[in-house]
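K.L.:
This structure is in structure tokens; I'll ask about it shortly.
Only the coordinates and a few stated rules stand behind these numbers; no lab work does. Being a predicted model, the structure only gives us computed values, none of them experimental. Cβ coordinates were reconstructed from backbone atoms using ideal geometry, including for glycine residues, and neighbour counts include every protein chain displayed.
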Amino acid sequence: MDTVLGIIGGSGVYDIEGLEGASWTPVDSPWGSPSDQVLIGTLDGIKMCFLPRHGRGHKLSPSTINYRANIDVLKRIGVTDVISVSACGSFRDEMAPGDFVMVDQFIDRTFAREKSFFGTGCVAHVSVAHPTCPRLSAACAQAARAEGVTVHDRGTYLAMEGPQFSTLAESKLYREVWGCDVIGMTNMPEAKLAREAELCYASVAMITDYDSWHPDHGEVDVTSIIATLMGNADKARGMVRRLPGLLGGIRAPCPHGCDRALDHAILTQPPARDPALVAKLDAVAGRMLG
């Protein structure tokens, strides 16, 4: 199988420079409209597909993003590996604005989003005990370090609904009681859906601020966030440019089983499956249902 990289760009990352033969391409999904067209091109001989999570111009809030459509269109056009880049707040002094964190765990506090491709008529339960792909995360860490970024190899991401930032009491709870490292609004249910779609998924949290817990920084200052955001976006583009050389063009099966997550997950027996839902799952679960 050929490697096909999918990049989901968060706040500040609305395009990828340097792609050869790149064009914005509309991709239809049975799950509704994705955030935008997909920028498809090649980089160092490897196909790359870029999707701005909030749409060009940042038109979508975290709660109104169609996460199912976004993951579906990437799977539909052949993506094998998804790298999510997103702006986050930090709960740790040592995880400073400008640093990148390779997220390896999540606590999902979102509540207003569709979180699964499966449901009545085709029930499935995938494991998200380890929700990101260590192989892909390691490549992102190596690429980011080569760009001069301070990288933290693991961290727990608190996914909040938003769009407001945390209260001081919430920030202290997430940091002191729950032990979270970073906070954001967009990686859930994105990571869960990527696992259902049997896609390797890495989450690169680009720190912009210290949330509201920090005694020396006070409440989140949007002006400061935007300034850090722009610098992080340049670093993220540099990281992405290095990934083809690290991952290579030929993709072996994932050693962690991300691309076989549905092997024993679908419980609904064939006679009881809803044909309409099965039809919508053609890209996501076609390996098992086709």
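K.L.:
Would you mind working out the magnitude of the charge dipole of segment 4-289 relative to its Cα centre, with +1 at each Lys and Arg C-beta and -1 at each Asp and Glu C-beta, to the nearest 20 Debye?
P.N.:
For this selection, approximately 800 debye.
K.L.:
Classify segment 47-107 as rounded, prolate or oblate from the Cα gyration tensor: take a ≥ b ≥ c as the square roots of its eigenvalues, call it rounded if a/c is under 1.5, otherwise prolate when a/b beats b/c and oblate if not.
P.N.:
Prolate.
K.L.:
Right, something else. Students often get this wrong: which residues of segment 53-88 have the backbone nitrogen under 20 Å from the point 7 angstrom along Cα-to-C-beta of residue 28?
P.N.:
Only 66-79 pass the distance filter.
K.L.:
I would also like to ask the following. Just tell me, in residue order, which DSSP H segments of the chain are both 15 angstrom or longer along the helix axis (alpha-carbon based) and at least 0.0 in mean Kyte-Doolittle hydropathy.
P.N.:
TM-like helix candidates: 134-146, 222-247.
K.L.:
Would you mind classifying segment 30-78 by shape? Square roots of the alpha carbon gyration tensor eigenvalues, ordered a ≥ b ≥ c; an a/c under 1.5 is rounded, otherwise it is prolate if a/b is larger than b/c and oblate if not.
P.N.:
It comes out oblate by the Cα gyration axes.
K.L.:
Here is a further query. Give the Kirkwood hydrodynamic radius (Å, one decimal) of segment 18-132, defined as one over the mean of 1/r across all pairs of different Cα atoms.
P.N.:
16.5 Å
K.L.:
Could you sort 155-162, 16-23, 91-98 so that the peptide with the highest average Cβ count within 10 Å comes first and the rest follow in order?
P.N.:
Ranked by mean Cβ neighbours within 10 Å, highest first: 155-162, 91-98, 16-23.
K.L.:
Just to be sure I understand: of the beta bridges DSSP finds with both ends in the chain, what percent are antiparallel, rounded to 5?
P.N.:
The antiparallel fraction comes to roughly 40 percent.
K.L.:
Using alpha-carbon positions, what is the distance between the centroids of segment 50-83 and segment 115-179, in Å?
P.N.:
Distance between centres, Cα-based: 16 Å.
K.L.:
Put +1 on the Cβ of each Lys and Arg and -1 on the Cβ of each Asp and Glu in segment 4-289; which of 199, 14, 67 then has its Cα farthest toward the positive end of the dipole?
P.N.:
199
K.L.:
Expected output is a single nm value to one decimal: the length gained when fully extending between residue 60 and residue 94, i.e. 0.36 nm times separation in residues minus the C-alpha distance. What is it?
P.N.:
That pair, residue 60 and residue 94, stretches by 9.1 nm at full extension.
K.L.:
Using just the helices of the chain, give the 222 nm mean residue ellipticity in deg cm²/dmol: DSSP H runs with n ≥ 4 each add -39,500 (n - 2.57), and the total is spread over all residues, rounded to 500.
P.N.:
-7000 deg cm²/dmol
K.L.:
Show which lysines lie in cross-link reach of residue 192 when reach means a straight Cα distance below 19 angstrom and same-chain residues fewer than eight apart are skipped.
P.N.:
Partners within reach: 75, 115, 280.
K.L.:
Whole-Å semi-axes of segment 220-290's equivalent ellipsoid, largest first, each the root of 5 times a Cα gyration tensor eigenvalue?
P.N.:
Semi-axis lengths for segment 220-290 are 39, 21, 11 Å.
K.L.:
Report, ordered by chain and residue number, the aspartates and glutamates lying within cross-link reach of residue 47, taken as a straight Cα distance under 17 Å and ignoring same-chain residues fewer than 8 apart.
P.N.:
2, 15, 17, 20, 81
K.L.:
For labels at residue 224 and residue 250 in the simple 7 Å Cα→Cβ model, what's the distance in nm?
P.N.:
For the pair residue 224/residue 250, the computed spacing is 5.0 nm.
K.L.:
So for the chain, what are the equivalent ellipsoid semi-axes in whole Å, largest first, each being the square root of 5 times an eigenvalue of the Cα gyration tensor?
P.N.:
For the chain, the semi-axes come out at 29, 23, 17 Å.
K.L.:
What's the exposure ranking of 183, 40, going from fewest to most Cβ atoms within 10 Å?
P.N.:
Final ranking by Cβ density, sparse to dense: 40, 183.
K.L.:
Ok, one more. Please name whichever of 184, 276, 41 sits farthest to the positive end of the charge dipole of the chain, dipole taken about the Cα centre and charges placed at Cβ: Lys and Arg +1, Asp and Glu -1.
P.N.:
276
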